[in-house]
Amino acid sequence: MTKKGVMHKIYFTCGPSQLYPTVQKHIYEALAHDIPSISHRGAKFQEIFQKTVVNLKRLLAVPKQHHIFFLSSSLESMERIIENCVETYSFHFVNGSFSKKFYEIAIDVKRKPEKVKVEEGEGFDFSNVRIPKKTELIAITHNETSTGVSVPLQDISTLSQAYPEMLIAVDTVSSAPYVNLDFSQVDIAFFSVQKGFGLPAGMGVLIVNERAMDKARFLKKRGVNVGSYHSFSSLLEKAENYQTPETPNVLEMYLLQKVTDDLLKKAITTIRKETEKKAKLIYDFFDQHPRYKPFVKEKKFRSKTTLVIDVKGDTKKILVKLAEKGFIVSSGYGKFKEEHIRIANFPSHKIQDIKQLLKRVET
Ligand SMILES: *Cc1c(COP(=O)(O)O)cnc(C)c1O
């Protein structure tokens, strides 16, 4: 529903982003059914929790035995992962602001993280990275939203086979549900709902296997500070009863259940195909543009979900020009604020709208 006199906008921003097209309808239905007022200890909430977990496992091909926890955000997931799975040493692949944040959180909670770092816009040569033997957990950012660099899934598999005794945690915040992660190769994955799932911000989803749970139990027994109500064991104790330790954002979980219903109906294979088709349109356009170019040079490292374009200092000009048509894109991240634009390519974004967006860049 567009209000009279208000321009219809489309958010190609990297998060929060355009809401999934069905969200408005689901919010109205939630209000009609008093979802925001129901008890988080009652049967209706347990049903929503259970259905959401079943949907996420189907959509993302998560094995049955894995656990799904609901937190406040993905930064929280990073902190909980470090607290619960690392006594001292984590190892981080850092190529931008979000992977750096994961590393810094480990320092903040008094662990001793190490890292390998490459320049913004570049990927890692995994065959040349030596990970110290003492490492307990390897942290990988699958899709570095600040630079538009994505880690090829094959590299994650290779790493997992090279270091079988270490836990692997993957940040899929801006690539889920597009990313087809192999959960037999990683122990932990997490994302937030305001990116690829097209929902209002306010919830982080954390997926852990039994191996990660075992580590959390071991650290707790040893007296390591694993946090309080959101320690893995506290989360699991409640999750087994389809609940959360705290009063959660019930409306958000309801919306996640409904949107995952919709995504499943559409089929994840279709979503992935469409994502690739839309990404190709955008990259082809800028590869051929006389002035503006994709920031990531090596094609195998180019993100399909958050595309970063080097616009040679024209950021402000382009943002204004696009906004006149109701298209909202992200500026560059951090030091690239004035140099780049970032275009999100999530399931909420229609191919037709992407074509219109590119047309507007051209004129
Ligand atoms: C957005 C983002 C985060 C942080 O998510 P929040 O929900 O804001 O905590 C972490 N990692 C990546 C790659 C992101 O894009």
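Here residue 75 passes the criteria (1) within 19 Å of residue 234 (Cα to Cα); (2) open to solvent by less than 40 Å² (accessible area, probe 1.4 Å); (3) assigned to a helix (DSSP H, G or I) except the one numbered (2). Considering each residue of the stretch 79-97 in turn, at least one proves to be assigned to a helix (DSSP H, G or I), under 22 Å from residue 218 (Cβ atoms) and within 11 Å of the ligand (Cβ to nearest atom). Of the strands (runs of 3 or more DSSP E) lying entirely inside the stretch 157-266, those containing at least 2 residues that are touching a Ser or Thr at 6+ places or on another chain (Cβ under 7 Å) and not small (Gly, Ala, Ser) span 167-171, 188-192. Whenever a residue of the stretch 34-51 is without any contact (Cβ under 8 Å) to a residue 24 or more places away in the chain, its partners that are part of a helix (DSSP H, G or I), lying with C-beta atoms within less than 8 angstrom and at least six residues away or across chains, give the pairs 39/45.
Considering the stretch 107-136, and only residues there that are acidic (Asp, Glu) and more than 22 Å from residue 231 (Cβ to Cβ), the residue that is surrounded by the most Cβ atoms within 10 Å (Cβ to Cβ) turns out to be 120. Taken over the stretch 222-269, the residue count meeting the criterion of being open to solvent by 30 Å² or more (accessible area, probe 1.4 Å), within 20 Å of the chain's Cα centre (by Cα) and acidic (Asp, Glu) is 1. Among the conditions (1) under 20 Å from residue 57 (Cβ atoms); (2) within 16 Å of the ligand (Cβ to nearest atom), residue 184 misses just one, which is (2).
Residue 198 falls short on exactly one of the conditions (1) on the phi > 0 side of the Ramachandran plot; (2) within 11 Å of the ligand (Cβ to nearest atom), and that condition is (2). Residue 104 meets each of the listed conditions (1) of a type outside the set (Val, Ile, Thr); (2) surrounded by fewer than 18 Cβ atoms within 10 Å (Cβ to Cβ); (3) away from the ligand (no atom under 15 Å from the Cβ) apart from (3). Would you mind stating whether residue 144 is under 22 Å from residue 341 (Cα atoms) and among the acidic types (Asp, Glu)? So residue 144 fits the description; yes. Of the residues examined, residue 82 is not one that is closer than 22 Å to residue 215 by Cβ, without any contact (Cβ under 8 Å) to a residue 60 or more places away in the chain and open to solvent by 30 Å² or more (accessible area, probe 1.4 Å). When the test is whether a residue is open to solvent by 30 Å² or more (accessible area, probe 1.4 Å), under 30 Å from residue 181 (Cβ atoms) and under 19 Å from the mean Cα position of the chain (by Cα), residue 276 passes it. Here residue 8 passes the criteria (1) more than 16 Å from the ligand (Cβ to nearest atom); (2) touching a residue at least 12 places away in the same chain (Cβ under 8 Å); (3) of a type outside the set (Asp, Glu); (4) in a helix (DSSP H, G or I) except the one numbered (4).
The values are calculated or read from the model by the stated rules, or taken from the named source; none is laboratory data. What you see is a predicted model; the values in this text were computed from it and never measured. Positions of Cβ are generated from backbone atoms using ideal geometry, with glycine treated the same way; all protein chains shown enter the neighbour counts. Keep in mind that these areas ignore ligands, DNA and RNA; they rest on the heavy atoms of the full protein, side chains included. Shrake-Rupley method; radii C 1.70, N 1.55, O 1.52, S 1.80 Å.
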